[in-house]
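Presented below is the structure to which this report refers.
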C-alpha cells in the first residue's frame, strides 16, 4: 500500500472517530440538560422529606400550625391572583376535589403581597369556596420561604405523617396528582 493511500485511510479513520466523539459529546450534553429540566415530568417528582411545621393564618384570621391539618393529606399550592395559569390550576384542583370530596386539604398560598390584597384574596376565596379549601395570604413569605418556593404554581403534597411526598414546581396536572395520591 502506498504511503499516500495509507495517509488517506488514517485521515478517514481520524475523521470518523472525531464525528463519533462529537456525537457522543452532544448526546451527553443533551442528556444533562434533560436530566436538569425534566424531573417534574418524570416519576421522580415523588420525594419523602419532613415538612416544616409552620404556623400560619387563613384569610378569616384562623390560626393553624401545619400539623393541625395532618388528619388528611394536604396539598399546598403557591399562587398569585394575577396569574392566569394559577387560576387554571385552582380550577383543576376544584375538579380533583369533586372526585375525592373530604379526602384532602387544599391550602392555596398567595405569594404576592405587593400586588394582591387581603380583599382580593377573600373575593377569590368566595368564588372558590369549599370546605376542603384554605386560603392563605403569605404577607411575609414565611410559608413560601419555608418550602423553598421559587415559582408560582409550585405544589407540595404532605401526607398524614407530615412528610412531603410530592413536589412539582410547575402546573400540576390532575393526572399527576392522582397518580401520586390515589394510584400509588
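Looking only at region 150-178, count how many residues are out of contact with any helix residue (DSSP H, G or I) (no Cβ under 8 Å at 6 or more places or on another chain) and either closer than 26 Å to residue 113 by Cα or not assigned by TED's automatic domain parsing to the domain that holds residue 100 (or both).
From region 150-178, those out of contact with any helix residue (DSSP H, G or I) (no Cβ under 8 Å at 6 or more places or on another chain) are 150-151, 154, 156, 159-161, 163-164, 175; that's our starting set.
Among the residues that remain, those that are also either closer than 26 Å to residue 113 by Cα or not assigned by TED's automatic domain parsing to the domain that holds residue 100 (or both) are: 150-151, 154, 156, 164.
So the count comes out to 5.
Identify all residues within region 151-171 that are within 14 Å of residue 105 (Cβ to Cβ) and assigned to a loop (DSSP other than H, G, I, E, B); write none if there are none.
Hits for region 151-171 are 159, 160, 162.
If residue 125 satisfies all but one of (1) in contact with a helix residue (DSSP H, G or I) (Cβ under 7 Å, 6 or more places away or on another chain); (2) more than 22 Å from residue 162 (Cβ to Cβ), what's the number of the condition it fails?
Here residue 125 clears every test but (1).
For residue 40, state whether it is surrounded by 12 or more Cβ atoms within 10 Å (Cβ to Cβ), under 16 Å from the mean Cα position of the chain (by Cα) and modelled with pLDDT under 70. I'd like the intermediate steps shown before the answer.
Numbers: surrounded by 12 or more Cβ atoms within 10 Å (Cβ to Cβ): yes; under 16 Å from the mean Cα position of the chain (by Cα): yes; modelled with pLDDT under 70: yes.
When the stated conditions are applied, residue 40 passes them.
Does residue 105 qualify as being touching a strand residue (DSSP E or B) at 6+ places or on another chain (Cβ under 9 Å), in a loop (DSSP other than H, G, I, E, B) and at pLDDT 90 or above?
no
Being surrounded by fewer than 18 Cβ atoms within 10 Å (Cβ to Cβ) and touching a strand residue (DSSP E or B) at 6+ places or on another chain (Cβ under 7 Å) narrows it down to one residue among 118, 128; which is it?
Numbers: 128 fails: touching a strand residue (DSSP E or B) at 6+ places or on another chain (Cβ under 7 Å).
Exactly one of 118, 128 is surrounded by fewer than 18 Cβ atoms within 10 Å (Cβ to Cβ) and touching a strand residue (DSSP E or B) at 6+ places or on another chain (Cβ under 7 Å), namely 118.
The values are calculated or read from the model by the stated rules, or taken from the named source; none is laboratory data. This is a predicted model, so every value here is computed, not measured. Neighbour counts run over all protein chains shown; Cβ positions are idealised from the backbone, glycine included.
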